[in-house]
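All remarks here apply to the structure that follows.
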Amino acid sequence: MIGAGVAGLAAAWSARRRGARVAVISAGVGETALAGGAVDDVPWEQIERASRLLGGDLPASDLAPAARQFAAELGLWELPQAAGVRLATVAGRIRPARGRDRALLDLGPLRRTRVLVPRAARAAWDADALAEALTDEPFARARGLRFLPVDAPVLRFDDERHIADGDLAARHDDPARLSWLLDRLRQALEGAGGAGAILLGPWLGASAPRAEALAARLGVPVGEALMGAGSPAGLRFEAARDALLAAIGAAQRHGRVRAVGGGHPGPGAPDEGVTIHVEGEDVPLAADGVILAIGGLAGGGIAYTPPESGAGADFPARGAAPFALSIAAPVTMGDDRGAFGVVSSMQGPELDVVAWPRGERLGALEAVGVRCEGVRAAPGILAAGATIAGRARTVLDAVTTGLRAGAEA
Ligand SMILES: Cc1cc2nc3c(=O)[nH]c(=O)nc-3n(C[C@H](O)[C@H](O)[C@H](O)COP(=O)(O)OP(=O)(O)OC[C@H]3O[C@@H](n4cnc5c(N)ncnc54)[C@H](O)[C@@H]3O)c2cc1C
């Protein structure tokens with residue numbers, strides 16, 4: 001397994017369930033560790049558009065039993081059976097999702113109530129502006145939700161005005177500090193004459209979600225707002241991932257893979273085996289098969305390499321495809337239409353035209369990847385998650401292809 005994002009993890013879990021010996025090699029943080037904790041199956045804007053068109057909330061799609069089992073063992077997410085969840089973003093929007101990291105507040109069950117938003121002197125947290133924007137959201141108006149900024153000293157020490165969200169979240173892994181926060185939130189509830197929920201910044205645990213412990217003791221839901229990128233949800237994923245890999249007995253190691261190729265005789269046909277070249281290691285690793293779960297452009301699996309980037313004062317030396325796998329491997333690259341939106345052989349695609357999603361079409365930067373038959377990229381080489389061309393770039397889609405690749409490996 002190359003890559004330890006959610007796709008590589010799902011693939012490792014699925015392969016181990018079938019008795020395979022699994023080693024996961026990863027170079028570090030990928031998209032999963034950057035995402036904010038919303039667990040989507042399809043891009044949420046599509047659900048929003050469809051529900052506006054049809055008037056009302058859409059029922060959530062069923063999860064495959066294996067995906068549900070995987071999520072249960074990971075122990076990080078809540079994925080309701082019949083309905084999705086509603087998340088408040090730090091940008092002041094309320095958006096649907098299929099599920100959530102359990103530290104995030106789900107507004108879905110709330111009706112005709114107030115949600116407290118404690119003020120905190122942190123650069124990315126403006127409780128007054130956030131409360132106003134969220135109260136004005138169509139979902140909040142339809143459900144009678146009012147967001148109320150309140151003075152509650154949720155920061156304990158002076159440095160907490162400046163430290164990173166992840167560091168503040170890590171302080172709440174300490175039970176004593178969580179109890180301190182609990183007392184402050186209890187006072188805030190009393191001061192406000194009660195409320196239906198409390199919305200905080202992304203601060204509720206780095207090694208595990210701590211929101212439910214607070215909610216159970218306060219008697220009202222407490223949770224984080226969703227951040228676009230760089231939330232402690234990524235740290236919580238990494239902690240849950242490492243625990244799951246250890247529990248299933250999958251070996252995990254740090255390393256950057258430079259190349260994958262054939263050449264190692266597998267147990268069946270001679271071309272089944274693969275070799276894996278890790279940076280800084282002279283002897284390649286041998287395996288019966290490999291799963292590329294190295295992410296897309298954001299995760300480092302795919303590089304933007306338009307020919308003009310190599311041009312000197314004159315034309316580029318040769319034309320080339322504008323995207324490449326960051327690992328040398330005998331696979332074919334493409335996008336959701338099969339080929340890249342290239343305007344000439346010497347220039348990359350017109351990014352200002354094709355990079356952004358339009359209607360149901362993925363943006364080119366999201367659509368590029370390895371072209372596969374299902375999850376099969378080449379003999380002995382499978383792919384999963386954001387590495388595959390033309391699939392939705394969501395957590396649950398990465399789980400789906402990861403589980404499938406692990407099963408087929
Ligand atoms: C900022 C951001 C916000 C997002 N928000 C949402 C959201 O709200 N909802 C949602 O459902 N999805 C969201 N996504 C998308 C979702 O996170 C991804 O689609 C999904 O996590 C992809 O998982 P993956 O395992 O395929 O790739 P990644 O998580 O990117 O994992 C790739 C792994 O491969 C490793 N790797 C890469 N190259 C090499 C190499 N050469 N050698 C060894 N290892 C290597 C990386 O270190 C990493 O461990 C978001 C993504 C981003 C970036």
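The values are calculated or read from the model by the stated rules, or taken from the named source; none is laboratory data. Note that the structure is predicted; figures quoted are calculated from it, not measured. Cβ atoms come from the backbone with ideal geometry, glycine included; neighbour counts cover every protein chain shown.
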Checklist entry - Here are F340, F323: which of them is in the same structural domain as A27 (by TED's automatic domain parsing), among the hydrophobic types (A, V, I, L, M, F, W, C), farther than 20 Å from R404 by Cβ and at pLDDT 80 or above? => result F323
Checklist entry - Within region 58-81, is there a residue that is acidic (D, E) and within 13 Å of the ligand (Cβ to nearest atom)? => result no
Checklist entry - Within region 385-409, can you find the residues that are more than 12 Å from the ligand (Cβ to nearest atom), crowded, with 22+ Cβ neighbours inside 10 Å and free of Cβ contacts under 8 Å to residues at least 60 places away in the same chain? => result A389
Item to check | Pairs with Cβ under 6 Å, 6+ apart, first in region 299-310 and at negative phi, second assigned to a helix (DSSP H, G or I) and near the ligand (Cβ under 10 Å from one of its atoms) | outcome: G299/E31; G299/A386; G301/T387
Next on the checklist: For region 1-30, which positions are farther than 20 Å from A67 by Cα and either of a type in the set (K, R) or free of Cβ contacts under 8 Å to residues at least 40 places away in the same chain (or both)?
Outcome noted: R21
Checklist entry - Quick one: how many residues across region 1-53 are more than 12 Å from the ligand (Cβ to nearest atom), among the hydroxyl-bearing types (S, T, Y) and within 16 Å of D242 (Cα to Cα)? => result 1
Checklist entry - Tell me, which helices (runs of 4 or more DSSP H) wholly within region 158-274 include 3 or more residues that are in contact with a strand residue (DSSP E or B) (Cβ under 8 Å, 6 or more places away or on another chain) and within 16 Å of the ligand (Cβ to nearest atom)? => result 233-248
Checklist entry - Hey, any hits in region 21-43 for a residue that's within 22 Å of G295 (Cβ to Cβ) and in contact with a Pro (Cβ under 6 Å, 6 or more places away or on another chain)? => result no
